[in-house]
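Trainee: Here's a structure for you.
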Amino acid sequence: MVRRITQVVFLILLLGGCAELVTDILEYGSVVVETRRRSGDPVAGVRLTLFTGARIMATGQTGADGRFLFENLPPDGYGVYAEPPEGYARPEEILGGASTVTVDDGLGLEEGEQKTATFTYVKIGPGAISVTVMGLDGTPVPGIPVTLYRPTGPEGKGVSGADGGVRFDPVPFGNWGVALLDLPAGFLDWDEGAPFLDGIPIEEGSEEAVAFTLEPCQGTLAARVVDPNGAPVAGYPVQLYNASVVLEEGVTGADGVRSFGPLGCLEFAMRLGRLLPWLFDEGRQKDFFDGIRVTRGSLQTFRFAVVRCAGMVSIRVEDLGGVPVPGAGLTLYTSQGEVARGMTDATGAFGFPDAACGVQYGVSVQPPSGFTVTEGRGSSFFDGIMLEDGEQTSLTFRLAAG
């Protein structure tokens, strides 16, 4: 009886050990290795080594589908070393960056688990780069120079066409970039660099597309003309110019302001014109501002101060007997030309009320029908007339009847 019980116990222990062995086989895991190009196409013939720590566990090679399966692996931390076939390279060989020689992160297998290790390769051979230059509204921007370059320097140039595009084909295998190095004036702010995109990997048959969106760099300049009390002066002429030419002229509005823009992000200057009887101090930041840099989105207003300074030139025209002569023509002028015209009234009088201070004037008379005048200074004209603010000077012309 005792012997039979002993046999039964032995049998139970034996069967328990076998069950444990079967269970261990079912708990083995696997590692799937996938090798592909950036396009997703499989890469066959990649030589693989599975390892744990410093120990090689197995080797293999990807098939036409770019896959290989390492199976029947006990739970442990694994890594995969991969060697691309001839004609392929690792991405970091042209772009730099972290090594992709091995994958060992995240390959710790638990019981019955399957993990995937993925390798990406580039195929040695030429490709192409297409560049498109568009405005903010999506319309093509033609005539923009585009530079193709390697890390060692420029390799080619093109100009965007009517569709805003330029194509570089073929482009040799390697690390490339494109840049808009020679943008026309008015696209970049003073502290902005040329638009570029680098780190473009070119491999066999690759078609890389690069799009640039250009926003013109623009701002606005304004001149504000005021009198000594800060009140706006309307109708005052202002010029916008650069180092070589006057770009635009205009006059101030009722608010004393004349705006210019939008202007490109370039260097400009503004200056006052002449409007008698308004005067101003001359000099930088007085009657002109130069070296003005327009920046993106800026509105810069410059204040000009002017002062009204005028006197009155009063004229009487009479005959030799002192009788007023109506209808006589009068001209106020300077060395630059005619300033104003007038005609005597029934009392033989006329006045020019806005003769500016500091200006030398002359006045000439044109006798009406039936009168003559002796030509000469003090008879047919007076000159050298200069007035102070509020001053009035009186002149008399005497005409002969006949």
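Trainee: Over the residues of segment 162-257, compute the C-alpha Rg and express it relative to 2.2 N^0.38 Å. Could you put the intermediate results ahead of the total?
Mentor: Numbers: Rg = 23.6 Å, N = 96, 2.2 N^0.38 = 12.5 Å.
My calculation over the Cα atoms of segment 162-257 gives 1.89.
Trainee: State whether segment 268-356 is rounded, prolate or oblate according to the following rule on the C-alpha gyration tensor (a ≥ b ≥ c being the square roots of its eigenvalues): a/c under 1.5 gives rounded; otherwise a/b larger than b/c gives prolate, and the remaining case gives oblate. Walk me through the numbers on the way to the answer.
Mentor: On the way: a/c = 4.33, a/b = 4.12, b/c = 1.05.
It is prolate, given that a/c is not under 1.5 and a/b is the larger ratio.
Trainee: How compact is segment 337-402 by the rule of thumb for globular proteins, expressed as Cα Rg over 2.2 N^0.38 Å?
Mentor: Numbers: Rg = 12.7 Å, N = 66, 2.2 N^0.38 = 10.8 Å.
Working it through for segment 337-402, the quotient is 1.18.
Trainee: Another question, then. Taking the 0 to 90 degree range and rounding to the nearest ten, how far is the long axis of helix 2-26 tilted relative to the main principal axis of the chain, both from C-alpha atoms?
Mentor: It works out to around 30 degrees.
Trainee: Report relative contact order for the chain in percent, whole number only (criteria: Cα-Cα under 8 Å, sequence separation at least 6).
Mentor: Values: 971 pairs, mean separation 38.8, N = 402.
Averaging sequence separation for qualifying contacts and normalising by length gives 10 percent for the chain.
Trainee: Okay, next question. Please compute the net charge surrounding Thr147, taking Lys and Arg as +1 and Asp and Glu as -1 over other residues with Cβ under 10 Å from its Cβ. If you can, show how the numbers build up before the last one.
Mentor: Details: positive: Lys157; negative: Glu155, Asp182.
That works out to -1.
Trainee: How long are the semi-axes of the equivalent ellipsoid of the chain, taking √(5λ) for every eigenvalue λ of the Cα gyration tensor, in whole Å from largest down? Present the calculation step by step, with values, prior to reporting the outcome.
Mentor: Values: eigenvalues 1989, 112, 39 Å².
Ellipsoid half-lengths, sorted descending, are 100, 24, 14 Å.
Trainee: Summing Lys, Arg as +1 and Asp, Glu as -1, what charge do residues with Cβ under 12 Å from the Cβ of Arg67 carry, Arg67 excluded?
Mentor: -1
Trainee: Using modelled amide H (1.01 Å from N, peptide plane; none on Pro or chain starts), what sits under 5 Å from the amide H of Arg296, excluding residues fewer than 5 places away?
Mentor: For Arg296, whose amide H was placed from the backbone, the distant partners under 5 Å are Trp190.
Trainee: Please report the spacing between the Cα centers of segment 108-173 and segment 235-260 in Å, no decimals.
Mentor: Result: 47 Å between the Cα centres.
Trainee: Please grab the % of Cα pairs in segment 218-308 that end up more than 15 Å from each other.
Mentor: Details: 2246 of 4095 pairs.
Percent of Cα pairs beyond 15 Å in segment 218-308: 55.
Trainee: With +1 on each Lys and Arg Cβ and -1 on each Asp and Glu Cβ, and nothing else charged, work out how big the dipole of the chain is about its Cα centre, in Debye to the nearest 20.
Mentor: Numbers: 28 positive and 50 negative charges, 93 e Å.
Here the size comes out at about 440 debye.
Trainee: How much mean residue ellipticity at 222 nm does the chain get from its helices, if each DSSP H run of length 4 or more adds -39500 (n - 2.57) and you divide by all residues, to the nearest 500 deg cm²/dmol? Display every interim value, and only then the final one.
Mentor: Working: 2 runs with 29 residues, N = 402.
Dividing the helical sum by the residues of the chain leaves -2500 deg cm²/dmol.
Values quoted throughout were computed directly from the atomic coordinates according to the rules given, and no laboratory measurement underlies them. What you see is a predicted model, and the numbers here were worked out from it, not measured in a lab. Note that each Cβ is placed from the backbone with ideal geometry, even for glycine, and that neighbours are counted across all protein chains shown.
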